[in-house]
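Accompanying notes for the structure given below.
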Amino acid sequence: MIRLRIENFAIRIQMASQLMEKNKLNLLILEDNPDDAELAAKELEREGINVEWSRVDTEQAFRKTLAEKPDLILADYKLPSFDGMAALQIRHQMAPEIPIIIYSGTIGEEVAVECMKSGATDYVLKDRLSRLGPVVKRAMEEAEAYRDRKRAEQALRESEERLSQIVEGSSIPTFVIDGNHVITHWNKACENLMGISASEVVGTRRHWSAFYPAERQVMADLMVDNAPEEEIARRYGTKYQKCAFVEGAYEAEDFFPNLGERGKWLFFAAAPLRDHKENVIGAIETVQDITDRKQAEERVKYLSFHDFLTGLYNRAFFEEEMKRFNTLRKYPVAIIMADVNNLKFINDAFGHAQGDELLKRMANTLVSATRKEDVVARIGGDEFAVLLPDVDEETAQSLCNRITDACKDSNREVVLKLTVSLGYSVQYGQYKDMQQALGAADDHMYRDKLASSRTVRGSVVDTLTVMSAERDIHREEQSKQLQQLAISLGKDIGLSEHRLEELKLLVILYDIGKIGVPDSILHKPDNLTSEEWETMKKHCEIGHRIARNVSELVSVANDILCHHERWNGNGYPGGLEGEEIPLLARIISIVDAYDAMLSERPYRKARSKEEAMKEIRKSAGTQFDPELAERFLKIVRVGAGSKITG
């Protein structure tokens with residue numbers, strides 16, 4: 001007997017991830033550079049993924065290797081004769097179930113969106129290989145979910161075949177009652193299913209006890225009593241039907257909570273037994289456990305209409321509901337569109353795990369703000385939609401306000417702030433259909449996003465500032481002192497007001513990349529090991545990557561990248577020298593070093609002001625811009641830096 005084990009969805013995903021880590025991942029890499037392919041494979045192995053990989057760089061080789069069914073494809077977006085978009089089309093034709101990740105040196109947002117729309121599972125930049133492992137694991141989890149759905153569909157088909165065998169006369173649980181409702185037969189299969197032996201019930205009228213906690217008629221009893229169809233309909237509602245192959249017989253399915261530990265779904269069919277005069281002298285009833293099939297149906301239904309990440313309805317279900325409302329034509333019906341702000345930035349800067357958490361918070365916020373009868377769905381990467389029957393403009397606007405307030409409330413105890421752009425429309429019949437009403441809500445949402453874009457971008461800077469403070473990268477008092485020194489030096493060399501504003505921002509966030517450095521290294525009381533120091537040095541590049549994704553920080557992104565460069569070219573990460581180093585970065589390197597010397601560390605005492613000035617003078621021309629260093633020392637001597645005491 002074929003059995004389908006349906007387990008908790010989250011446990012299944014975890015097991016899929018664990019299996020991927022234990023077993024070899026058969027990886028097909030479409031890449032013309034062997035070194036890049038090897039780097040990618042090594043990065044996956046560093047993430048604990050056991051990889052068996054092969055590299056191809058032509059369409060012919062790609063098709064041949066794809067036919068061997070690899071587990072995953074890693075495709076360079078652009079090759080001399082063949083590229084990732086072409087690979088996407090071929091994969092779609094030959095093996096649509098295999099996940100494909102686009103992998104490129106540079107890829108713009110529009111190209112990334114195009115790739116995702118064309119069927120790519122995700123994309124990774126070559127200069128950010130640390131994302132590759134998590135992205136591959138995520139892709140394999142989604143592939144496992146896809147395979148699980150196919151297995152569930154296959155199990156459902158097999159279950160239907162099993163039921164077909166039953167009606168053709170397979171040995172199944174069966175019992176027989178006579179004209180007085182007394183049990184005459186109770187077979188072994190029935191014993192196994194019901195957990196009641198034949199010796200306990202044969203000769204009694206207690207067949208009901210196998211199904212119900214209190215006495216009531218079962219289908220066989222209705223057959224003995226020659227009950228009219230109206231009586232059967234009253235007892236079983238829409239869950240019954242006439243048997244197509246036996247005259248006068250009926251079949252039904254129902255859930256019996258008293259069977260087993262968690263209850264069972266049973267399919268049962270009963271037919272009257274007649275004598276030669278066609279008098280009813282008893283009835284036979286067959287019973288089949290269809291719990292596996294029902295669970296498979298529910299699993300297929302769930303996977304077909306629910307979003308994998310948030311548990312909300314997905315776009316397919318939402319569109320079906322819109323069609324239903326088109327048919328009902330019961331107005332008003334409101335639609336709210338919600339778009340999570342800055343999701344791409346959060347995914348790029350902090351990783352998809354943080355972005356996923358933000359999406360889950362958005363889902364919870366929408367569910368808590370709406371009614372049970374409302375349809376809440378995630379219809380795109382960062383887009384959500386809500387269908388609200390019997391809701392007018394005033395109520396829709398009030399709900400939008402409530403959602404905005406709920407987002408603010410959810411931000412109180414967290415660093416990454418949830419902000420959302422909202423738009424709504426109300427269908428009274430003026431729109432051709434609900435799809436057009438959805439488009440109107442989307443237009444309003446887009447206008448809201450444009451109107452609030454400056455505030456939203458500002459909130460990103462605020463979030464980064466808070467994250468910097470929470471990681472104890474810069475204390476508020478320390479930032480003010482650094483800013484005082486930096487601005488004094490900036491004014492002394494004649495920076496414009498615009499550049500001074502950039503310098504103020506740089507003082508606050510020049511070390512923001514340290515949010516990507518583990519606390520064990522960032523706050524280590526002892527000297528760092530060489531390996532730890534290499535990790536620490538990456539904060540310049542992390543900060544640069546974050547700044548490039550925030551419009552307010554783009555102008556200082558290179559200064560963030562270069563604030564540890566040295567005048568003599570011995571700094572990092574680029575080894576720039578002299579005036580190759582951006583001016584604001586040169587200013588920050590001096591005031592940062594001065595502040596560091598005056599500040600006490602777990603592994604050394606703070607230096608005096610005189611000692612710090614002496615060190616700045618000593619390092620002028622090697623570590624620091626000599627002209628800026630001299631101007632800085634003059635400023636400190638006249639007292640601008642006297643408040644900094646460590």
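Within the chain, DSSP assigns beta bridges of which about 70% are antiparallel (rounded to the nearest 5).
Quick one, what does Rg over Rh come out to for the range 226-298 if you take C-alpha atoms and the Kirkwood Rh? Write out the running numbers ahead of the final one.
Values: Rg = 14.2 Å, Rh = 13.7 Å.
Result: Rg/Rh = 1.04.
Less than 5 angstrom separates the built amide H of residue 281 from those of 273, 274, 275, all sequence-distant by 5 or more or on a different chain.
The value of relative contact order for the range 171-296, using C-alpha pairs under 8 Å at least six residues apart, is 26 percent. Which values of log₁₀ I(q)/I(0), to two decimal places, follow from the Debye formula for the range 362-419 at q = 0.17, 0.22 Å⁻¹ with a uniform point scatterer at every Cα? Log10 of I(q)/I(0), two decimals: -0.58, -0.93. Principal axis extents of the Cα atoms in the range 306-451, from largest to smallest and rounded to whole angstrom, are 45, 29, 28.
Translational diffusion of the range 171-296, estimated by Stokes-Einstein from the Kirkwood radius over alpha carbon pairs at 25 °C in a medium of 0.890 mPa s, is 166 µm² per second. Taking the three principal axes of the alpha carbon atoms in the range 479-519, the coordinate ranges are 39, 18, 13 Å, sorted in descending order. Scaled against the 2.2 N^0.38 Å expected of a compact globular protein of N residues, the Cα radius of gyration of the range 9-154 reads 0.99. With both labels modelled 7 Å from their Cα along Cα-to-Cβ, the residue 69 to residue 258 distance reads 4.7 nm. Please tell me which of these pairs span more than 25 angstrom C-alpha to C-alpha: 24/150; 323/449; 242/264? Long pairs (Cα-Cα over 25 Å): 323/449.
Taking max minus min of the alpha-carbon positions on each principal axis, the range 287-370 gives extents of 57, 38, 21 Å, largest first.
Amide H contacts of residue 212: none lie under 5 Å away among residues 5 or more positions distant or on a separate chain (H built 1.01 Å from N in the peptide plane; Pro and chain starts excluded). Show log10 I(q)/I(0) for the range 560-609 at q = 0.19, 0.23, 0.26 Å⁻¹, two decimals, from a solvent-free Debye sum over equal Cα scatterers. With no solvent term, the Cα-only Debye profile gives -0.64, -0.78, -0.86.
Here the relative contact order of the range 528-638, from alpha carbon pairs under 8 Å that lie six or more residues apart, stands at 19 percent. Taking the number of Cβ atoms within 10 Å of each Cβ as an exposure proxy, the fewest-first ranking of 562, 243 is 243, 562.
Qualifying chymotrypsin sites (Phe, Trp or Tyr not before Pro) in the range 162-256, where qualification requires a DSSP coil assignment and no more than 16 other C-beta atoms within 10 Å, comprise 245. The label point for residue 533 and the one for residue 188, both projected 7 Å from the Cα toward the Cβ, are 7.8 nm apart. Comparing the range 462-637 with the 2.2 N^0.38 Å rule of thumb, its C-alpha radius of gyration ratio is 0.98 (two decimals). A simple spin-label model places pseudo-atoms 7 Å from Cα toward Cβ; at residue 81 and residue 233 they are separated by 7.2 nm. The gain in end-to-end length when the residue 408 to residue 145 segment is fully stretched comes to 91.3 nm, 0.36 nm per residue minus the alpha carbon separation. Once you've got the Cα coordinates, tell me which of 372/408; 117/408; 491/537; 537/618; 69/344 are over 26 Å apart. Flagged as over cut-off: 117/408; 491/537; 69/344. Most tightly packed first, judged by the mean number of other beta-carbon atoms within 10 Å of their residues, the peptides 364-377, 587-600, 568-581 read 587-600, 364-377, 568-581. With N counted as the residues of the chain, its alpha-carbon radius of gyration over 2.2 N^0.38 Å works out to 1.34. Over the range 96-153, the hull volume per residue, using the convex hull of the C-alpha atoms, is 70 Å³.
Where in the range 351-393 is the amide nitrogen less than 13 Å from a point lying 7 Å along the Cα-to-Cβ axis of residue 433? Once the point is set 7 Å along Cα→Cβ of residue 433, nothing inside the range 351-393 turns out to lie under 13 Å by backbone N. For the pair residue 279 and residue 158, a Förster radius of 51 Å applied to the C-beta separation gives a FRET efficiency near 0.80, rounded to the nearest 0.05.
Contact order for the chain, expressed relative to its length and based on alpha carbon pairs under 8 Å spaced 6+ residues apart, stands at 7 percent.
Computed from the coordinates by the stated procedures, all read-outs in this text should not be read as laboratory data. Everything quoted here is computed from the prediction, not taken from an experiment. Quick reminder, even Gly has a Cβ in these numbers, built from the backbone with ideal geometry, and neighbours come from all protein chains shown.
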